[in-house]
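Just so it is clear, none of the values below were taken in a lab; they were calculated from the coordinates. These numbers were taken from a predicted model, which means no experiment stands behind them. Every residue, glycine among them, receives a Cβ derived from its backbone with ideal geometry; neighbour counts consider all protein chains shown.
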Amino acid sequence: MENRSATFKGSKHFRLNQVAEGVFAVISVPGTGSLGNAAIIDLGDSTLVVDTFTTIQAAEDLQAAAMYLTGNPVSYVVNTHWHSDHTSGNQVFITKAQIISTSITREIMATFGEKRLAQQLSNPQPIYQAIDEAEKKAQQEMDERLKKDMEWENASDREYMKMLPHLVYTLPTMTFDQQMRIYGSERTVQLITYGGGHTQSDAFVYLPEEKIAVMGDLVLSKHHPVMNHANPQEWLNILGQVELLSIETIVPGHGEICSMKELHEVKGYINDIVALVEEHVQSKKSIDDILVPKAYQDWYFSTYFKSNLKKVYDLITKSND
Ligand SMILES: [Zn+2]
């Protein structure tokens with residue numbers, strides 16, 4: 001079969017990368033309405049999409065790409081976790097697709113997610129103010145890596161806010177608690193959760209025959225892992241279990257297609273952040289003085305480094321109380 005990803009009309013929000021026949025990574029273009037990656041999997045008689053981006057427009061392009069690549073409408077959508085860059089486009093797919101997540105992810109979306117969205121809609125002014133301020137800060141930033149990441153983050157935040165009045169918050173229609181399989185005419189996919197590490201509940205999609213895993217934000221490639229809602233120890237445990245599967249290719253939540261090497265780098269990063277903060281707490285030094293370790297200095301999402309330290313600090317000092 002020809003590689004149709006090469007002839008897709010394109011989207012400003014993403015690039016398509018064929019991982020195997022009928023399996024496509026949809027890689028986010030920084031600063032657009034995608035923010036996270038997605039994937040399109042041709043099951044033969046039906047099509048599955050993993051994650052739905054930050055904006056409706058990006059999700060519509062994803063739907064068009066899925067239709068173009070597989071010749072079928074999307075029948076299944078998997079939300080790997082509740083974060084808005086993986087779920088906001090759900091409404092585009094709901095008329096034709098079952099939207100699937102873990103039961104915990106759906107519960108968070110139905111409570112915290114809905115409430116947060118109502119707040120954002122009723123009082124958007126503080127968010128606009130925060131973006132204005134962040135844009136000023138980005139202009140003054142001297143560190144080129146950080147400056148670029150700040151600009152991309154601000155641009156994606158603007159895209160999200162532009163979309164917000166049109167958002168119909170769309171919850172998953174099917175849930176699972178450990179594993180679930182979808183049997184298509186051409187391939188079977190496994191949806192798996194080993195609990196919550198990046199968020200309270202993280203799922204991924206595993207194609208055992210092709211040795212491919214679409215990992216959501218449990219694995220990022222050359223990006224600082226995002227730890228705002230994380231449980232670092234659980235995250236490491238989950239990645240330890242993923243290591244037992246037979247995986248050669250990973251579609252990460254952010255960054256380029258990668259392999260188990262990047263999964264190991266994420267483990268190293270989490271271990272390093274925890275060790276750095278522990279050492280600073282023990283010697284009563286401020287975590288504000290911690291610089292990005294050399295190994296991670298060229299990684300994207302550098303804006304998250306400080307908040308990752310703070311999150312781990314809060315976890316450590318709380319457990320010491
Ligand atoms: Zn996330």
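Residues in the range 215-256 that are more than 16 Å from the ligand (Cβ to nearest atom) and free of Cβ contacts under 8 Å to residues at least 40 places away in the same chain: Gln233, Leu236, Gly240, Glu243, Leu244, Leu245, Ser246, Glu248. Summed over the range 37-58, the residues that are more than 16 Å from the ligand (Cβ to nearest atom) and not β-branched (Val, Ile, Thr) give a count of 7. If you check Ser5 against the conditions, is it away from the ligand (no atom under 16 Å from the Cβ), outside any strand (DSSP E or B) and either hydroxyl-bearing (Ser, Thr, Tyr) or in contact with a Ser or Thr (Cβ under 8 Å, 6 or more places away or on another chain) (or both)? Taking the combined requirement at face value, the residue satisfies it. Of all residues in the range 78-121, those satisfying the criterion of being more than 15 Å from Asp177 (Cα to Cα), in contact (Cβ under 8 Å) with a residue 40 or more places away in the chain and away from the ligand (no atom under 16 Å from the Cβ) are Gln91, Val92, Phe93, Ile94, Ala97, Gln98, Ala110, Glu114, Leu117, Gln120, Leu121.
Taking (1) touching a Ser or Thr at 6+ places or on another chain (Cβ under 8 Å); (2) farther than 18 Å from Ala25 by Cβ in turn, Ile316 satisfies each apart from (1).
Out of the residues in the range 258-298 meeting the condition of being basic (Lys, Arg) and over 30 Å from Val26 (Cβ atoms), tell me which one is surrounded by the most Cβ atoms within 10 Å (Cβ to Cβ). Among them, the one singled out is Lys285. Among the residues of the range 279-305, write down those that are assigned to a helix (DSSP H, G or I) and either closer than 14 Å to Val226 by Cα or within 29 Å of the chain's Cα centre (by Cα) (or both). Ile287, Asp288, Asp289, Lys294, Ala295, Tyr296, Tyr304, Phe305, listed by residue number. For first residues located in the range 182-203 and among the aromatic types (Phe, Trp, Tyr), partners that are surrounded by 19 or more Cβ atoms within 10 Å (Cβ to Cβ) and not in a loop (DSSP other than H, G, I, E, B) and lie 6+ apart or on another chain with Cβ distances below 6 Å form the pairs Tyr194/Ile238. Looking at the range 232-243 only, could you name the residues that are in contact with a Gly (Cβ under 6 Å, 6 or more places away or on another chain) and of a type outside the set (Asp, Glu)? Trp235, Ile238, listed by residue number.
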